[in-house]
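Some notes on the structure that comes next.
The values are calculated or read from the model by the stated rules, or taken from the named source; none is laboratory data. All of these numbers come straight from a predicted model, not from anything done at the bench. Note that we place each Cβ from the backbone using ideal geometry, even for glycine, and neighbour counts take in every protein chain shown. In case anyone asks, the SASA skips ligands and DNA or RNA and just uses the protein heavy atoms, side chains included. Shrake-Rupley method; radii C 1.70, N 1.55, O 1.52, S 1.80 Å.
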Amino acid sequence: MLDLNDVALFVQVARQGSFAEAGRRLGLPPNTVSRRVQQLEDALGSRLLQRSTRKLSLTSAGEAFYQRCAAAVDGLLDAGQALASAGGEPSGLIRVAATADFFDFLPMEWVAEFLDAHPRVRIEFALSDARADLIAERIDVAFRGGELADSNYVSRRLPVSGNAGLVASPAYLDRRGAPATLAELATHDCVTGAAPGERVAWKLLAPDGSEQEALVGGRFRGNTAQAQRRAALAGLGIALLPPALARLDLAAGRLLPVLPGHRRPGAGLSVLYPSRKHLPAAVSAFVAMVVEKLEGNAPAS
């Protein structure tokens, strides 16, 4: 007689392509997963998986069995998850992909509060400016800025607002003076991102709502907003920073606004999931926390 738990475990192994990964998601040691799949094969009298030192692959019998039982297993898991989420506590590991400077915008204190509220949850962040492959890298949720090019993931726009503004340190402005017009930026040292050529085009909205462009350059470039912020604090030039990154420095007077009527519209932030199916309660709770915090802390445009 077949053990339905072993069937559900086999479906997870087939999807993850790994005893170890299936075990991680189910909270079981890899050797236990392997043994129970072997039990299922013995009960069926057929080999379902080809095993090698590097990978697992489905046999033709395994592929046929997976196609027949996966939908049924999904239905059982959906029913069980619905019951569990009614009174269950979020638990397990959440793998989060985000940009390298993600914690410049999401304070670590928010993460600490979330973990305090959910003691059975663990979070692992994969921070990189490269776009993660959510499936291949086993990412549960990803945060991305700007326009989304992917169509294979489930996405949701997050409530972040605010436009990037021009700032500089008091020391720089004392030494060089403040530009009175956008055109005068061309005569100043500006802190920019890495780009080809000696000059970078900053497209900004003027006070009347029209778009204007300034070609700027300087002696320092950095490929993250945090590097540009620190360069501005060090007096290396005028920087164009997101409000969340410059807010505390502006409040403390470490940075001062430059041409405050000119702004660059924010790129926005989206959250992505590999699939809506079987979204763990821990992932849902984490995203809900991020949305709540951003709604309560979003700066005015």
Taking Asp189 as the residue in question, decide whether it is surrounded by fewer than 17 Cβ atoms within 10 Å (Cβ to Cβ), of a type outside the set (Phe, Trp, Tyr) and at pLDDT 95 or above.
-> no
Do you know which residues across the stretch 219-253 are surrounded by fewer than 19 Cβ atoms within 10 Å (Cβ to Cβ) and either on the phi > 0 side of the Ramachandran plot or of a type in the set (Phe, Trp, Tyr) (or both)?
-> Phe220, Gly235, Gly253
Would a scan of the stretch 272-287 turn up a residue that is modelled with pLDDT under 90, open to solvent by 30 Å² or more (accessible area, probe 1.4 Å), among the aliphatic types (A, V, I, L, M) and not assigned by the TED database to the domain that holds Leu185?
-> yes
Report, by residue number, each residue of the stretch 94-136 that is modelled with pLDDT of 90 or more, open to solvent by less than 60 Å² (accessible area, probe 1.4 Å) and assigned to a strand (DSSP E or B).
-> Ile94, Arg95, Val96, Ala97, Val121, Ile123, Phe125, Ala126
What single numbered condition from (1) closer than 25 Å to Val121 by Cα; (2) at pLDDT 80 or above; (3) assigned to a helix (DSSP H, G or I) fails to hold for Ala61?
-> (1)
Checklist (1) among the polar types (S, T, N, Q); (2) open to solvent by less than 80 Å² (accessible area, probe 1.4 Å); (3) out of contact with any Phe, Trp or Tyr (no Cβ under 8 Å at 6 or more places or on another chain) applied to Ser34, failing item | (3)
Looking at (1) buried (at least 16 other Cβ atoms within 10 Å of the Cβ); (2) at positive phi, which is the one condition that is false for Gly197?
-> (1)
